[in-house]
1. Is it true that some residue in segment 172-190 is more than 16 Å from ligand 1 (Cβ to nearest atom), closer than 30 Å to MET91 by Cβ and either free of Cβ contacts under 8 Å to residues at least 40 places away in the same chain or in the same structural domain as SER344 (by TED's automatic domain parsing) (or both)?
2. When you go through (1) at pLDDT 95 or above; (2) touching a Gly at 6+ places or on another chain (Cβ under 9 Å) one by one for ASP171, which number turns out not to apply?
3. Which condition breaks for HIS260 when tested against (1) under 30 Å from THR336 (Cβ atoms); (2) touching a residue at least 40 places away in the same chain (Cβ under 8 Å)?
4. Tell me, please, whether a residue that is farther than 30 Å from GLY209 by Cβ, of a type in the set (Phe, Trp, Tyr) and at pLDDT 95 or above can be found in segment 113-130.
5. Quick check on my filter: what residues within segment 200-210 are surrounded by fewer than 16 Cβ atoms within 10 Å (Cβ to Cβ) and touching a Leu at 6+ places or on another chain (Cβ under 8 Å)?
6. Please go through segment 79-121 and give me each residue that is surrounded by 16 or more Cβ atoms within 10 Å (Cβ to Cβ) and in a strand (DSSP E or B), ordered by number.
7. What are the residues in segment 175-194 that are small (Gly, Ala, Ser) and assigned to a strand (DSSP E or B), if any?
8. From (1) in a strand (DSSP E or B); (2) assigned by TED's automatic domain parsing to the domain that holds ALA318, pick out the condition that doesn't hold for LEU230.
Amino acid sequence: MESTKCRKVGCCHLPRGIEFTGGTPYSARSAQRQEVEAALKSTSVFSSSDIAGIGLTLALFSLFVLTPVTQAETPNTAPHIEAIQVSSGSMYAHDTCSLVCQASDPDGEELVYSWSATGGELETMQAHARWTAPAASGQYALMVEVADGNGGSDAMVTIVEVLRNEAPVIDGLWTERDILLPGETTTLMCTAHDDDGHPLTYQWSCSAGRLESSTSQAAWTAPTAPGTYLATVCASDGYGGSRTESILINVLSPKPPTIHDLVVRPLLPEYSKESSQGFRLLRGPLCECEIECIASAEGKELLYNWSTTAGSIKGSGATVLFIPPAKPAEVVVSVTVTDPLNQSAYAEAFFKVFNREAYPVDNEVPGGCNCFRR
Ligand SMILES: [Ca+2]
Ligand SMILES: [Ca+2]
């Protein structure tokens, strides 16, 4: 150690020659130098100037190489770890905690931290570390060693427990209604708890229909086809524990829509007449008729689809206006009502259209249409 230090100092200071100040004073070695010079002078090979040069060289050699420098060494003091601070002493699988190593070195040397663990995953940054617990429960040792780079070190270990996770418990699963018509909606409710106190999340699914929720309640909308369907909920605690429960809901086939009546209201009643086959209309397009379809489908909204074999239909919905053709014709006006399940009903009205004289003034045709009186 001393020789290493000596070489190092010598290497640093050799370019400055005698200005070196780290060793024994030059004058203290004058006797040694005189002996060497005397020995050199006893030979006749060298001149006096050569001898002086060689003497100086030898003196420097003895100063810097042969004679070790004695320097007082301060003994190294090892670093000391006061504590490992852990943000959580007990955890569940895949939880993370942070660790801080509190250490110091009496010599003020910079410390190097080495972390290790008997399980899980460690991310380290000198005195700080972040540990992710493994999936298996149990006790794990987290260790840190500090070194001052000068042969001094200290180490400490701390124990962290990974607790065993208990799965949630589903106490019940209910539906507001267990018999529905297609397209109807019912509320589903799940009650569950977790013995570890973990907050639960819910995932819902169903064999058909529509079900969307992330809480303990969900609204299920029945599909259009009748049948028996399964609604399922899964309660999870976020630590790998989960429970699943299901419930059956029946969807019945509804009655198809019914057309109770097709009411025809001619706008010129005196030129119109109802017969056993249908309606007879005089003056063609002037005898417009309002037609109302009276239908029902258990409260469901119905679609009305009107058509006519001649003339035209004006408007839409349950009541429309039939405009007869401008020439004599036998006309069928029909309507199809359809419910959301695509079930339908059909009805039609028959019209026989006559095209007679021009529209008279009221006093010319008292009491209605002459053609119907024949
Ligand atoms: Ca130290
Ligand atoms: Ca749990």
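1. Applying the first criterion (more than 16 Å from ligand 1 (Cβ to nearest atom)) to segment 172-190 yields 172-190.
Next, only the ones that are closer than 30 Å to MET91 by Cβ stay: 190.
Still in the list and also either free of Cβ contacts under 8 Å to residues at least 40 places away in the same chain or in the same structural domain as SER344 (by TED's automatic domain parsing) (or both): none.
Looking for residues that are more than 16 Å from ligand 1 (Cβ to nearest atom), closer than 30 Å to MET91 by Cβ and either free of Cβ contacts under 8 Å to residues at least 40 places away in the same chain or in the same structural domain as SER344 (by TED's automatic domain parsing) (or both), one finds none in segment 172-190, hence no.
2. (2)
3. If we test HIS260 against (1) under 30 Å from THR336 (Cβ atoms); (2) touching a residue at least 40 places away in the same chain (Cβ under 8 Å), just (2) comes out false.
4. First, pick out the residues of segment 113-130 that are farther than 30 Å from GLY209 by Cβ: 113-130.
Still in the running and of a type in the set (Phe, Trp, Tyr): 113, 115.
So of that shortlist, the ones also at pLDDT 95 or above come out as 113, 115.
Yes, some residue in segment 113-130 is farther than 30 Å from GLY209 by Cβ, of a type in the set (Phe, Trp, Tyr) and at pLDDT 95 or above.
5. If the condition is that a residue be surrounded by fewer than 16 Cβ atoms within 10 Å (Cβ to Cβ) and touching a Leu at 6+ places or on another chain (Cβ under 8 Å), then SER205, SER207 are the ones that fit.
6. ILE81, ILE84, VAL86, MET91, CYS97, LEU99, CYS101, ALA103, TYR113, TRP115, ALA117
7. Scanning segment 175-194 gives a single hit, ALA192.
8. (2)
The values are calculated or read from the model by the stated rules, or taken from the named source; none is laboratory data. Note that the structure is predicted; figures quoted are calculated from it, not measured. Positions of Cβ are generated from backbone atoms using ideal geometry, with glycine treated the same way; all protein chains shown enter the neighbour counts.
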